[in-house]
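Below you'll find the structure, written out as structure tokens, and then a few comments.
The values are calculated or read from the model by the stated rules, or taken from the named source; none is laboratory data. As the structure is a computational prediction, the values presented were derived from the model and not from experiment. FYI the Cβ positions are ideal-geometry reconstructions off the backbone, even for glycines, and counts take in every protein chain you see. Accessible surface is based on the protein model in full, side chains and every heavy atom, while ligands, DNA and RNA are left aside. Shrake-Rupley method; radii C 1.70, N 1.55, O 1.52, S 1.80 Å.
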Amino acid sequence: MIAYILGVNIIAFLIMGVDKQKAKRESYRIPERTFWGLAILGGAIGIWAGMKSFRHKTRHRSFVIGMPVLVSIQVVFAVSLF
């Protein structure tokens, strides 16, 4: 379970970086539903860290509000499991 959580968060973080580079190059972008899907599957911390590290998606209200809420929910859920 820990390996899964680490893996999905690393992938989510890296995808945020890739999308930021694509945004700079005005290239084909990764759909927002991909980010939300990864976040719901346990990668909310990776998405949130990517937002902060790459300064990406910080103007999207759904990400600015939604990701911290999802991180909180996932942390509470993880603590209750362990």
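Specify the residue that is nearest to G66 (Cα to Cα); the eligible residues are those in segment 1-30 that are outside any helix (DSSP H, G or I) and open to solvent by 40 Å² or more (accessible area, probe 1.4 Å). Talk me through it step by step, then tell me what you get.
Filtering segment 1-30 for residues outside any helix (DSSP H, G or I) gives 1, 26-30.
From the residues that got through so far, the ones that are open to solvent by 40 Å² or more (accessible area, probe 1.4 Å) too are 1, 26-29.
Working: M1: 24, E26: 25, S27: 26, Y28: 24, R29: 20 Å.
This residue is R29.
Do any residues in segment 62-79 that are among the aromatic types (F, W, Y) have Cβ atoms under 6 Å from those of residues that are open to solvent by less than 70 Å² (accessible area, probe 1.4 Å), where the two are at least six apart or on different chains, and which pairs are they?
F63/K57
Report yes if F35 is open to solvent by 40 Å² or more (accessible area, probe 1.4 Å) and of a type outside the set (V, I, T), otherwise no.
No, not satisfied.
Among the residues of segment 54-82, how many are open to solvent by 60 Å² or more (accessible area, probe 1.4 Å), farther than 16 Å from Y4 by Cα and outside any helix (DSSP H, G or I)?
Count: 4.
Just to verify a result, which residue in segment 42-53, among those that are open to solvent by 60 Å² or more (accessible area, probe 1.4 Å) and in contact with a Phe, Trp or Tyr (Cβ under 9 Å, 6 or more places away or on another chain), is nearest to Y4 (Cα to Cα)? Steps first, please.
Residues of segment 42-53 open to solvent by 60 Å² or more (accessible area, probe 1.4 Å): 45, 48, 52-53.
Within this subset, residues satisfying the condition of being in contact with a Phe, Trp or Tyr (Cβ under 9 Å, 6 or more places away or on another chain) are 45, 48, 53.
Working: I45: 13, W48: 17, S53: 22 Å.
Filtering first and then ranking leaves I45.
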